[in-house]
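The values are calculated or read from the model by the stated rules, or taken from the named source; none is laboratory data. The structure presented is a predicted model; accordingly, all values stated were derived computationally and were not measured. So basically every Cβ, Gly included, is an ideal-geometry build from the backbone, and we count neighbours across all protein chains shown. Surface areas here come from the heavy atoms of the whole protein model, side chains and all, with no ligands, DNA or RNA. Shrake-Rupley method; radii C 1.70, N 1.55, O 1.52, S 1.80 Å.
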Amino acid sequence: MDMAKFKWTRQPHHYHIDNTKVEIVTAPHTDLWQRTYYHFQNDNAPVLQMETDEKFFSFVVKTDFSESHHRFDQCGIVMYLDSENWLKGSIEYENEDFQHLGSVVTNGGYSDWATTAIPAAIKSMWYRFSRREDDYCMECSEDGIHFNQMRICHMDKGGGKIQFGIYACSPEDSSFKAIFTNIALTECQWNAHDGQQADERRLSAL
């Protein structure tokens, strides 16, 4: 992967990039969240992305967060369009027993958060982010071979040129080093739907 294609949105103070990996040292009180439930807006996490208008592709990355140790420490994949339209998939540290594997989708300035609890002993995870026009799929894998669906979503502003990549942050008073490797861009691995057919009556009315 040509890392020269990636550009920073909010460059962190401490990081390293070469042809095989990216390392980000998070700063305290950095996060991505918009309004819902907590009522606050946090929009200061470092984001490293590339830009494309390709309508069908998959982006794969392996994350290592062995140093995460404080509540909400996180790193993963992101598609950051602007402060009120973005998505992310990651693992957020909670305590010595468990952490949250989940995703956030933000459309029009309101975030949601879908999670499942996994053991705190897991310290690496692969992610695959796929695009089919203005619909998106996030998947995860512990071995980089067998991927499981995390989320399918639609992005209101995701139909044209987009930016996508990686991020890391520490929402509370913490800092850790996140390591990203095996970064790759491939043909779309999210197959076209082959099950229930679309409602032709609704389509004809559009």
| Out of the residues in region 102-112 that are touching a residue at least 60 places away in the same chain (Cβ under 8 Å) and open to solvent by 40 Å² or more (accessible area, probe 1.4 Å), which is farthest from residue 160 (Cα to Cα)? | 112
| Restricting region 160-178 to residues that are of a type in the set (Gly, Ala, Ser) and open to solvent by less than 40 Å² (accessible area, probe 1.4 Å), which is farthest from the chain's Cα centre (by Cα)? | 174
| Selection count where residues are open to solvent by 50 Å² or more (accessible area, probe 1.4 Å) and either in contact with a helix residue (DSSP H, G or I) (Cβ under 6 Å, 6 or more places away or on another chain) or in a strand (DSSP E or B) (or both), scope region 1-24 | 7
| task | Among the numbered conditions (1) surrounded by fewer than 23 Cβ atoms within 10 Å (Cβ to Cβ); (2) free of Cβ contacts under 8 Å to residues at least 40 places away in the same chain; (3) touching a strand residue (DSSP E or B) at 6+ places or on another chain (Cβ under 9 Å); (4) not aliphatic (A, V, I, L, M), tell me where residue 99 comes up short. | result | (1)
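To keep it simple, each residue is scored yes or no on (1) in a strand (DSSP E or B); (2) aromatic (Phe, Trp, Tyr); (3) modelled with pLDDT of 95 or more; (4) open to solvent by less than 40 Å² (accessible area, probe 1.4 Å).
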site	(1), (2), (3), (4)
138	yes, no, yes, yes
158	no, no, yes, yes
180	yes, yes, yes, yes
183	yes, no, yes, yes
| field | Among residues of region 140-153, those that are in a strand (DSSP E or B) and open to solvent by 80 Å² or more (accessible area, probe 1.4 Å), counted | value | 3
| message | I'd like to check which strands (runs of 3 or more DSSP E) are fully inside region 25-94 and have at least 3 residues that are within 22 Å of residue 140 (Cβ to Cβ), among the hydrophobic types (A, V, I, L, M, F, W, C) and modelled with pLDDT of 95 or more. | response | 47-52, 56-64, 74-82, 85-93
